[in-house]
Amino acid sequence: MLGLGVDRLQADINRLLTSLFHQGVLDEQFLQLQQLQDDTSPTFVYDVINIYFDESEKLLRSLRLLLMDREFSDYKKIGLHLNQLVGSSSSIGARRVRNVCVAFRSASELNNRPGCLRGLEVVEHEYHYLKNMMHELFQLEQQRLLAAGVRYPM
Amino acid sequence: MATTSTGAIEKTKSVEVKKKLNVLIVDDDTLTRKLHESIIKAIGGISQTAKNGEEAVNIHQNGNASFDLILMDKEMPEMDGLSATKKLREMKVTSMIIGVTSLADNEVERKAFMEAGLNHCLAKPLNKDKILPLINSLMDA
């Protein structure tokens, strides 16, 4: 019974990951992250993704504040924030978030404020979708570990 | 595992470097530092980190630092990777320095970074498959 639970949860995890790769939400870099997780760092992926969430949310808040300012003109700062988001999204394999950040960056390079506002909305949408999917993945993983009788702090 | 005459442990797995590397990771981004630390650990090395070029230079100031490899990010506050690389070479630091660039960097910027004193340049994101063959070939050269 216990084994079936673990197997079913593993199948759910595999199904979710396959779907995320198929949708282009994740790419090969995410697999590289998973390969770095081992017994000496059993929560590596969880830790890295949470750093990504913390940093991304600060950047997204800053971008929103900048663009909401009526006097806004600092497109260079927008570009710098987006470079960081592009870099960190690439590092964890968040392909769709990375791609929409690149599109947003193009609008900022043209000093196109309406384009930037649209770009920000798209980035926020993709980011929140990714975050929800990652939370689902981590919940399934935690359930799988509990079912297998493994205790890791998460 | 076998122990060489110098005491360095050689692992026979092809997924690790030929010698246990001591690496300095220079990057202002927390996530990148954590990722690169894990990559270096996965390929059999040990690492220390610096948050920017100025910290990297300061680590070398007292003359006791001895790194086989420095992974140097290009864009950093306080002192960027290009300036830090130039400074380290002026200080006669002979470590391998691999520059780490982003996709936003154009060819002119990458060339200037190389000319500052890099052994090689790689674009983010880094992973084991990208860095291991490069390190092994630089060590062979």
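Here are the numbers:
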read-out: Matching option when the condition is in a loop (DSSP other than H, G, I, E, B) and closer than 30 Å to A:CYS101 by Cβ, among B:LEU126, B:LEU122; value: B:LEU126
read-out: Residue within the range B:101-111 that is open to solvent by less than 30 Å² (accessible area, probe 1.4 Å), in contact (Cβ under 8 Å) with a residue 12 or more places away in the chain and closer than 21 Å to A:VAL86 by Cβ present; value: yes
read-out: Flag for A:GLY93 being away from chain B (no Cβ under 13 Å) and in contact (Cβ under 8 Å) with a residue 60 or more places away in the chain; value: no
read-out: Elements of type strands (runs of 3 or more DSSP E) contained in the range B:9-106, each with 2 or more residues being not hydrophobic (A, V, I, L, M, F, W, C); value: B:46-50, B:96-101
read-out: Pair list, Cβ < 7 Å and 6+ apart or interchain, from the range A:26-51 residues that are in a strand (DSSP E or B) to residues that are open to solvent by 10 Å² or more (accessible area, probe 1.4 Å) and small (Gly, Ala, Ser); value: A:SER41/B:SER38
read-out: Test: residue in the range A:6-16 that is more than 13 Å from chain B (Cβ to nearest Cβ), surrounded by fewer than 16 Cβ atoms within 10 Å (Cβ to Cβ), of a type in the set (Asp, Glu) and out of contact with any helix residue (DSSP H, G or I) (no Cβ under 7 Å at 6 or more places or on another chain); value: yes
read-out: So A:LEU59, is it within 14 Å of chain B (Cβ to nearest Cβ), in contact with a His (Cβ under 8 Å, 6 or more places away or on another chain) and buried (at least 18 other Cβ atoms within 10 Å of the Cβ); value: yes
read-out: When residues of the range A:66-82 are limited to those that are open to solvent by 20 Å² or more (accessible area, probe 1.4 Å) and in a helix (DSSP H, G or I), the one nearest to A:ALA107 (Cα to Cα); value: A:TYR75
read-out: Sole exception among (1) closer than 19 Å to B:ILE131 by Cα; (2) within 14 Å of chain A (Cβ to nearest Cβ) for B:PRO77, by number; value: (1)
read-out: Boolean, A:SER19 is more than 14 Å from every other protein chain (Cβ to nearest Cβ), touching a His at 6+ places or on another chain (Cβ under 8 Å) and surrounded by 12 or more Cβ atoms within 10 Å (Cβ to Cβ); value: no
read-out: Residue within the range A:30-44 that is open to solvent by 10 Å² or more (accessible area, probe 1.4 Å), of a type in the set (Ser, Thr, Tyr), within 26 Å of A:PHE138 (Cβ to Cβ) and more than 10 Å from chain B (Cβ to nearest Cβ) present; value: yes
read-out: Qualifying positions in the range B:115-138 - hydrophobic (A, V, I, L, M, F, W, C) and modelled with pLDDT of 95 or more; value: B:ALA116, B:LEU118
read-out: Residue count, the range B:19-48 (criterion: closer than 25 Å to B:MET91 by Cα, out of contact with any Ser or Thr (no Cβ under 6 Å at 6 or more places or on another chain), open to solvent by 20 Å² or more (accessible area, probe 1.4 Å) and within 14 Å of chain A (Cβ to nearest Cβ)); value: 3
read-out: Filtered residue count, the range B:107-119, keeping only those that are outside any helix (DSSP H, G or I) and within 14 Å of chain A (Cβ to nearest Cβ); value: 0
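The values are calculated or read from the model by the stated rules, or taken from the named source; none is laboratory data. Not measured: the values here are computed from a predicted model. Cβ coordinates were reconstructed from backbone atoms using ideal geometry, including for glycine residues, and neighbour counts include every protein chain displayed. Protein only, heavy atoms only, side chains kept; ligands, DNA and RNA dropped before computing areas. Shrake-Rupley method; radii C 1.70, N 1.55, O 1.52, S 1.80 Å.
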